[in-house]
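The structure under discussion appears below in the form of structure tokens.
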Amino acid sequence: MKLVDQFQHGLDAPICLTWELTYACNLACVHCLSSSGRRDPRELSTAECRSVLDELQRMQVFYVNIGGGEPTVRPDFWELVDYATDRQVGVKFSTNGIKITPERARLLARSDYVDVQISIDGATAEVNDAVRGPGSYRTAVTAMGNLAEAGFRDFKLSVVMTRQNCDQLDDFAEIAERYGAQLRLTRLRPAGRGAEVWNELHPTAEQQRTLYHWLVANGERVLTGDSFFHLNALGSTPLPGLNLCGAGRVVCLIDPVGDVYACPFAIHDQFLAGNVRSPGGFAEVWRNAPLFAELRGPQSAGACGSCSAFDSCRGGCMAAKFFTGLPMDAPDPECVKGHGETALAALGPGSVPRPSGDHSRRGRGPGPVPVQIGWAPPAAGLPDRACDTSPLTGLAAAGR
Amino acid sequence: MSSFDPDLPYRCAPSVSLRPEPFGALAYDFSTRRLSFLKSLELVKTVRALISHPDVHGALDQAGVPAEQRRAYLTALAGLAEAGTIQPR
């Protein structure tokens, strides 16, 4: 059996998993996958988090990707990181940089078991802050400077690819190089608040082609978390990685209240497999949840089965389909052959699922919540590049 | 990096953790944060046996790798040495 088939049937334990520790966040990014903002009163306690980590150690999960919300705002965050690494469970945590002080950076640089991922979504403050909120670029750059200064090599610089930043690929690579970081690019998913902005922010068909060729040219130096396998149909060189949907097979998500979902991009009742607080804990959910059994079984390829590109893209991303209202056996909404576009156009009103959870901060509040998506009127000054057109430009042409 | 020499003693790198799986094992290197796959049970046995043999051949013997597959296994082990999963001792 080929390795990829083996993975298709699931592993005894996930290779890595994503654990969102809190829904609290100091930012309010317009595309937040988990619709984060406010802490949920039901979030796992320190003791409960420790017992999840004990379980991950027993299952020999090599590392956990901790995110949120902004995980570092949890008062017990650093304690939990130490607890994990003391048990040989590596931690990579994703942060906007708010708590990465020079002193903290020095502590982090000492451990082989901790990796840090700083998020920016624009190579310039203008492009970044339009999505992540005012001041967020400066916060991230300060954090990267602190890590570099502390000698933390190869931390990750993580970028969600959007219509506005796709033309900044070389600039991102340059920033990563400047700070001794490794660049990681991931796909914009229409999950959480991302569902509201996906139409305007997802890359055009032309940008997808550029991205694919750029990724092929840069090979394994650029990480992608396997997020762009739907682009493989664009050429004969597959992108590095497993190139399969790992949902419930090799990855999954634990959310702040202990709910286990098939993947980090699928926080919705439809993909809820169980909760770590139930008897048997996480291991029981991973091994025996009916949803995971279903995902590990044969999947219908639907209309994609007859497409010449099916072997390279395997129908694309389950979450991207679901949150745009497409059935699971439909083409990916960003299908490079344009079939997704056609399928989306055929959807009736009300096809897009309603979100099943939302922790966004209410009202305008003190936070940097952009009330409207997209750009301020041109008079207010547009970003200098990549954005000198309306965010809707190219939408009609996408996927042709 | 020196090239792989099966006449020398090797070991699984101390920063590498092996997790058994039906197909072989997953190997994760905590220092390079790279995941790799040991795609057969015999390869896993070989990697684990390296520490107790004066050369790689002894470990292949212990793991029961048949003679006709030796060349393929040495190629795989050379790849693991290059990736730092195994190292000279």
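The values are calculated or read from the model by the stated rules, or taken from the named source; none is laboratory data. Since this is a predicted model, take the numbers as computed values, not measurements. Cβ sites come from the backbone with ideal geometry, for glycine too, and all protein chains shown count toward neighbours.
Quick notes on this structure:
Every residue, every condition in (1) at pLDDT 95 or above; (2) part of a helix (DSSP H, G or I); (3) touching an Asp or Glu at 6+ places or on another chain (Cβ under 6 Å), yes or no:
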| site | (1), (2), (3) |
| --- | --- |
| A:103 | yes, yes, no |
| A:123 | yes, no, yes |
| A:137 | yes, yes, yes |
| A:143 | yes, yes, no |
| A:148 | yes, yes, no |
| A:164 | yes, no, no |
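- Residues located in region A:47-57, provided they are closer than 12 Å to residue A:84 by Cα and of a type in the set (D, E, K, R): A:50, A:54, A:55
- Criterion: basic (Lys, Arg), crowded, with 22+ Cβ neighbours inside 10 Å and in contact with a Leu (Cβ under 6 Å, 6 or more places away or on another chain) - qualifying residue of A:193, A:163: A:163
- As for region A:59-81, it holds at least one residue that is surrounded by fewer than 21 Cβ atoms within 10 Å (Cβ to Cβ), on the phi < 0 side of the Ramachandran plot and of a type in the set (A, V, I, L, M).
- Those residues of region B:31-55 which are within 11 Å of chain A (Cβ to nearest Cβ) and crowded, with 21+ Cβ neighbours inside 10 Å, in sequence order: B:38
- From the list A:151, A:135, A:122, the lone residue that is touching a residue at least 60 places away in the same chain (Cβ under 8 Å) and on the phi > 0 side of the Ramachandran plot is A:135.
- Of all the residues in region A:323-339, those that are surrounded by fewer than 23 Cβ atoms within 10 Å (Cβ to Cβ) and outside any loop (DSSP other than H, G, I, E, B) number 1.
- Filter result for the condition that a residue is over 20 Å from the mean Cα position of the chain (by Cα), of a type in the set (Gly, Ala, Ser) and buried (at least 21 other Cβ atoms within 10 Å of the Cβ), over A:274, A:280, A:305, A:246: A:274
- Complete set of residues in region A:31-80 that are away from chain B (no Cβ under 14 Å), in contact (Cβ under 8 Å) with a residue 40 or more places away in the chain and assigned to a helix (DSSP H, G or I): A:48, A:51, A:52, A:55, A:71, A:73, A:77, A:80
- Filter result for the condition that a residue is within 13 Å of chain B (Cβ to nearest Cβ), among the β-branched types (Val, Ile, Thr) and crowded, with 22+ Cβ neighbours inside 10 Å, over A:91, A:4: A:91
- Hits in region A:219-243 - residues which are closer than 27 Å to residue A:357 by Cβ, among the hydroxyl-bearing types (Ser, Thr, Tyr) and over 13 Å from the mean Cα position of the chain (by Cα): none
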